[in-house]
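Q: For reference, the structure I am asking about is given below.
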Amino acid sequence: MLAAVLAGAGVVHFVVPSAYERIIPRPLGHARALVLASGVAEIAVGLLVAWPRTRRLGGWLAAGLLVAVFPANVQMALDGGIPGEGFPLGSPAVAWARLPLQVPLVVWAWALARREAPRQA
């Protein structure tokens with residue numbers, strides 16, 4: 001399930017990149033490049049999590065990626081949602097409520113990373 005969440009989010013980076021560009025913290029600049037790079041990273045990490053042989057590595061990378069993109073979620077909350085979008089994406093309440101939801105995702109990825117690797121046949 002985490003693989004689908006990550007890969008699905010990565011695909012959306014390419015379908016509607018402008019929504020993601022608006023939440024990149026301004027000091028980082030290069031919004032389009034960061035959106036596309038994070039989309040590729042989310043798809044790749046999602047694929048790693050999907051396969052048992054690479055799930056542990058994918059779990060560690062997913063946890064790191066989720067932490068790395070957290071500043072964009074903070075920026076979205078500070079902006080009161082995604083500028084120019086209607087409810088729910090443009091809602092300040094939803095933007096702030098999303099922040100603590102990142103914690104269970106990181107814990108989920110970390111739990112996958114800590115699982116015992118599958119035995120080779």
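Q: Could you derive backbone 3J(HN,Hα) for the range 21-34 from the dihedral phi with the Karplus parameters 6.51, -1.76 and 1.60 (θ = phi - 60°), listing whole Hz in sequence and x where the residue is Gly or Pro?
A: Each residue's phi maps through the Karplus curve to give 4, 6, 10, 5, x, 3, x, 6, x, 6, 4, 4, 4, 5 Hz.
Q: FRET efficiency for Trp110 and Val11, Cβ-Cβ distance as r, R0 = 22 Å, nearest 0.05?
A: 0.40
Q: For Ala93 and Asp79, calculate 0.36 nm times their separation in residues minus their Cα-Cα distance, and state this gained length in nm to one decimal.
A: Using 0.36 nm per residue and subtracting the Cα-Cα distance, I get 3.9 nm.
Q: Let me ask another. Beta carbons within 10 angstrom, averaged per residue: use that to sort the peptides 38-46, 26-34, 87-95, highest first.
A: 38-46, 87-95, 26-34
Q: Return, for the Cα atoms of the chain, the radius of gyration and Dmax in Å, separated by a comma.
A: Cα only, the chain: 15.1, 54 Å (Rg, Dmax).
Q: Just add up the charged neighbours of Pro71: K/R +1, D/E -1, any other residue whose Cβ is under 15 Å from the Cβ of Pro71.
A: On the way: positive: Arg22, Arg26, Arg98; negative: Glu21, Asp79.
Charge balance near Pro71 sits at +1.
Q: What is the spin-label model distance, in nm, from Ala68 to Arg53 if the labels are put 7 Å beyond Cα along the C-beta direction?
A: In this crude label model, Ala68 to Arg53 measures out at 2.4 nm.
Q: Still on this structure: Using alpha carbons only, how many degrees (0 to 90, rounded to 10) separate the axis of helix 92-114 from the longest principal axis of the chain?
A: Roughly 10 degrees, rounded to the nearest 10.
Q: Could I ask something else about it? What does the charge count near Ile23 come to, summing +1 for each Lys or Arg and -1 for each Asp or Glu among other residues with Cβ under 12 Å from its Cβ?
A: Local net charge: 0.
Q: For the chain, what is the calculated [θ] at 222 nm in deg cm²/dmol (nearest 500), taking -39500 (n - 2.57) for each run of four or more DSSP H residues and dividing by its residue count?
A: That calculation yields -22500 deg cm²/dmol at 222 nm.
Read-outs throughout are calculated quantities, based only on the coordinates presented, and are distinct from any laboratory measurement. Here the structure is a predicted model, which means the values were calculated and not measured. Note that each Cβ is placed from the backbone with ideal geometry, even for glycine, and that neighbours are counted across all protein chains shown.
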